[in-house]
Structures are given as C-alpha cells and as structure tokens.
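No value in this document is a laboratory result; all are computed from the given coordinates. What you are looking at is a predicted structure, and each value in this text was computed from that prediction instead of being measured. Using ideal geometry, Cβ is built from the backbone for each residue, glycine included, and neighbour counts are taken over all protein chains shown.
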Amino acid sequence: MENKIRKKSINTVIYLLLAAMLVCVLFVSIYTVASKRSGDVTDEVTSEVDTTTAKTSVTTDASVSTDAAVTDDSTDIDVEADVDAADEPVDAEVEETLPTAETGDEELPVTVDVRYFVSPVAGMTSKDFEIDIPVYSLTMNDYRAHTGVDIAASLGSEVVAASSGVVCRVWSDPMMGQSVTIDHGDEIYTTYMNLSPEIPEGITVGAKVTMGQTIGSVGDTSLTEIAEEPHLHFEIKVDGQYADPLDYIAVSDIPENSYYEDMAS
C-alpha cells in the first residue's frame, strides 16, 4: 500500500517536472521568436532611416551644387553685363554752360530760359499777337498781321529789358518808330517798338543789359499805330520766327468798355 502511494507521488513529481520543463522550453521558444522579430523590425527601421538619410544627403548635395552653379552663372552674367555696359556709349545729359557778358566786374548771362522773362512795361494787353489771321488796324483802317502784343501804358512809362542779354540793334523804324532789339542767346530776340526818341545813355549796340534794366520809355513814334492810345509794341522772335509774347510773359487783358473797345465798335 505504501509502495503504491510512494510510486504515485514520484509520478506526480515527474509530471510536474516535465510540465515545468515544457513551460520553460515554450517560454524560451517564444522569447527567441520575439527577439528575432524585434531584431528584424529594428534592422528594417534602421535600414529605412539610413536610406532616407542617404537620400536627404544626396538631395542636399545636389541642391548645394545647383545653387553653386546658379551663383557662378549669375556671377558670370553680371560680369558680362558689366563688361557690355562698359563697352556701350553712355548718353549722359551734359549741361551747357551759358555764355556770359561782362559789364565792369560783373558777368551777366546771355542765354536765358523762357521762365526768366518779365513784362517790359506795367500795363495791360490792348492788342494780342495774331500772325495767321489779320486783325483790324485803327490807324491804317485795314486788316493786317500783328507780329507782337500791344501793352497799354501812359506816355513816358518806363520800358525795361524783359530778360538779360545784349543790345543788338537800336534804330528808328519808319513805320513802328523808335525801336530796340535785345539778343538773349539761343536765337531768342525781343524787340521794343513805339518808344520815345530819348533812349537812356548806355543803351547802344553791344551793351549788356540785365532783366528789368530800363532801356527806354513809352512814346508815340509809330506811324502805323498812332491812332491808338499810348502803348508799347513788344515782339519776340525764336529761331527766326515770330512767337506769341504772352507765351513768355504774363500781362492782363485790357478791361471791357475801354478806349479800345469803344473804337472797335
């Protein structure tokens, strides 16, 4: 009886040991498989990371190379452009020095811009410039071109140079009376007519005058405009052609119901 119990106990222990060994073997197998799979995954991830890094490196190197190439090309283009620009003539704006006229110790500009013209006499326009369409002449009782403007002013009113220049002519015109012409350079001339015969001392051919300097006074020496009220007949020529003086100076128009309006009616 005791032998059976002992034998049964031994068998039980053996079964337990076998079961324990089986469990151990199973555990070891599972661990081995798991470890292998983990290693494969790690290797795969590592491989992918390495591949990505390699691609990134290649892309970066290519970009750097491309940028360097572009930079070099740009530099070459800039250098070539600079060389081409240096070979091409440059159209620089050159300011011409205005000729000057000496009066004593002073130097006066001869060439002037249209901005520097002033009205030669204080007054208002009594007859406009009209060279294409004849206008009525009170004195001659006909229609004719009017090559300047008439500026109404009292007899003896001071007449001044409209701009700086050189007196190039002083004469008594048989039709327009006492006259003075000033050369302002650049083919610009101003002429003052119907002046008083008494010309100021020093206003002779070759004299240098400044803008605003007195060159005469309003008179009544013009035979073709004697029927009109006292005035200065003022002309401007540019490049040999008559120009409208009112494009160069500012003068108010004569008011309505004046002497001239009454005569015209």
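Values for this structure:
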item: Förster-model FRET efficiency, 22 Å R0, Ile133 and Asp239, C-beta, rounded to 0.05; result: 0.50
item: In nm, spacing of pseudo-spin labels at Asp247 and Gln213 (7 Å Cα→C-beta vector); result: 2.7 nm
item: The stretch 132-163 and the stretch 178-234: distance between their alpha carbon centers, rounded to Å; result: 13 Å
item: Segment Val205-Ile226, length gained on full extension (0.36 nm per residue, minus Cα span); result: 4.9 nm
item: Residue-by-residue Karplus 3J(HN,Hα) for the stretch 218-225, coefficients 6.51, -1.76, 1.60, Hz, glycine and proline x; result: 5, x, 9, 8, 7, 6, 7, 10
item: Stretchable slack from Ala20 to Cys168, in nm (0.36 nm times residue separation minus alpha-carbon distance); result: 39.4 nm
item: Three-way shape label, the stretch 199-254, alpha-carbon gyration tensor, a/c 1.5; result: oblate
item: Full-extension gain in nm, Thr32 to Asp186, via 0.36 nm per residue minus C-alpha separation; result: 44.5 nm
item: Highest-first arrangement of 182-188, 17-23, 245-251, where packing means the average Cβ count within 10 Å; result: 182-188, 245-251, 17-23
